[in-house]
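Here's the structure we're looking at; comments come further down.
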Amino acid sequence: MNVQLTPDAAADTLEEAYLYAYPLVLMDVIREMTTNTETPTTERAPLGRFFHSRALATPAIDSLTRPNADTLYTQAYLDLGDEPYLLHKPAAQRYLAIQPFDGYSNNPSILGTGGLGGDDEAVYAFTGPRFAGALPEGVLPVPMPTDFVWLLARVRCHGPDDTAEPHRLQDAMDLYPLSQHGRAHERPRGTYSPTRDYVPLERMRTMGAEEYFRRFNALAVRNPGTGADAPALERFAPLAVGAGLEFSLDALPEAARLRAKELPLFMESAEVRDNRRITVIDGWTYLDDTVGRFGTDYLYRAVIAYMGFANPVDVTAYPSIFTDADGAPLTGEHSYVMHFPAGQLPPYHGGGWWSLTPYTQVGRLIANELDRYALDDSMPLAVNPDGSLDLWLSADAPGDDRLANWLPVCREGFGLTLRIYLPHSTVTTHEWTPPQVRRTDSSQ
């Protein structure tokens, strides 16, 4: 291969190509691990089949960082290369939203509550970029720009005693290839290999550049970029990074080979940490509004993938806070109040809701005497006579008059995440912001 770049330019371009490819390679690594099973479990399923979480997160779960405590998840990985997949969604009287992510972690649409099909019964057809056939009558088409699809569905659950209806809705969802529409479905059986039983981020850290780019080149054949990606792909082509190309480290200039050795740990670098693009308002931190619709911002797309992926902010807003109104770190050594004036509760569209969850410094739910891990707007919260709402945060239980609005926290440092599902536009534009967390004497 004759590289038409200067040595320094080749090294910089290789780094840019690494960022471009990162979501696709990471999602494929996650798919490889998650489909590494013969039959579905609560955490894995063969390709093209659902797996359902059946219980809400608790402090006993240490495999997830900052898990939510108000929805059950259903997931599946699809390959649309041979044919479309159809998804039947039952009618729902509660929040049931399905998000399809493409191979580059973009979320082009939301299905179900707040999106296509709403809360009615619906059948969706996920079609790949080369599909040119016909779909059955009444099926809602969901065109995807890549053959790789990750489906993530959320069903609202009002606590551990409210699992029956979410389970019914999960079980009523059906997923099958187009060729099986209208007849009995044949459920594919998967395979298990110990070599695919790994932690995805650890696998990424140990994947050398040659394996990484060869994997990307193979994936890109059936998972092409968009027209807007063409200039970037043209820059990568002299390095043999692109769909169907034969990548070789030996063919690169020495500067690029040296840079390649650093790439597996690049996502932990200061450059990546400095590009998390966090907006801070009154201590609350917000993700950028390009999440899930990244366009050509390949660095930020890779950053969000590395952080664990995220919803577009118009699907769910996640303002988080770690300091009180005076800028001091939140800690269970003190007690706090969040005061929402009348008419100023978190605004959302029909079918949405809000919840507030505290976490330890390492992102775990907090064990407490009430097994209460969040407060949300479906709870019988005590409203003040003037219509305002006070939420009390402390490690020890307050008096009986505040118990309904008490959110238990740990005695050490903690943080808060306010989730707003289907948020009003005033949330994403920051015209509405959460109240600050004010320290208060619990005896007052």
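The values are calculated or read from the model by the stated rules, or taken from the named source; none is laboratory data. Quick caveat: nothing in here was measured; it's all calculated off a predicted structure. Quick reminder, even Gly has a Cβ in these numbers, built from the backbone with ideal geometry, and neighbours come from all protein chains shown. Just so you know, the surface numbers come from the protein's heavy atoms only, side chains and all, with ligands and any DNA or RNA stripped out. Shrake-Rupley method; radii C 1.70, N 1.55, O 1.52, S 1.80 Å.
A few remarks follow.
- Look at the Cα gyration tensor of segment 53-168: its axes a ≥ b ≥ c give a/c of at least 1.5 with a/b at or below b/c, and that counts as oblate.
- Of interest is the spacing of the C-alpha centroids, which for segment 23-84 and segment 85-137 amounts to 17 Å.
- Placed amide H near ASP324: partners under 5 Å, 5+ positions off or other chain: LEU330
- Averaging the sequence gap over all C-alpha pairs within less than 8 Å and six or more residues apart, then dividing by the number of residues, gives segment 226-325 a relative contact order of 23 percent.
- Mean separation of Cα contacts under 8 Å, 6 or more apart, over the residue count of the chain: relative contact order %: 18 percent
- Over segment 326-444, relative contact order from alpha-carbon pairs under 8 Å, at least 6 apart, %: 43 percent
- Expected 222 nm ellipticity per residue - DSSP helices of 4 or more, -39500 (n - 2.57), all of the chain, to 500: -6000 deg cm²/dmol
- Residue-wise HN-Hα coupling along segment 263-277, computed from phi with Karplus coefficients 6.51, -1.76, 1.60 (Hz; x: Gly, Pro): 5, x, 10, 5, 5, 9, 7, 4, 4, 6, 4, 7, 10, 7, 6
- Peptide ranges 132-139, 258-265 listed from the most packed, as the mean C-beta count within 10 angstrom indicates: 258-265, 132-139
- Heavy-atom accessible area per residue - segment 372-419, 1.4 Å, Å²: 41 Å²
- Segment 34-107, accessible area per residue, ligands and nucleic acids excluded (1.4 Å, Å²): 35 Å²
- Residues ARG156, ARG66, ARG205, ARG187 ordered from highest to lowest accessible area at a 1.4 Å probe: ARG187, ARG205, ARG66, ARG156.
- For segment 74-80, Karplus couplings with θ = phi - 60° (6.51, -1.76, 1.60), whole Hz, Gly/Pro x: 10, 9, 7, 10, 10, 10, 8
- Space enclosed by the convex hull of the alpha-carbon atoms of segment 157-283, per residue, Å³: 274 Å³
- When each full DSSP H helix of the chain is screened for a Cα extent of at least 24 Å along its own axis and an average Kyte-Doolittle hydropathy of at least -1.0, the helices passing are 7-34.
- Accessible surface of the chain, 1.4 Å probe: 50 percent of it comes from carbon and sulfur atoms.
- Distance between segment 290-311 and segment 194-238 - C-alpha centres, whole angstrom: 16 Å
- In this structure ILE278 has an accessible area near 80 Å², from a 1.4 Å probe over the protein heavy atoms.
- Placing a label point 7 Å from the Cα of VAL362 along the Cα-to-Cβ direction, the residues of segment 295-322 whose backbone N falls under 20 Å of that point are 307-308, 322.
- VAL123 accessible area, assembled protein chains, probe 1.4 Å, Å²: 30 Å²
- Cα gyration tensor shape for segment 1-117, rounded if a/c is under 1.5, else prolate or oblate: prolate
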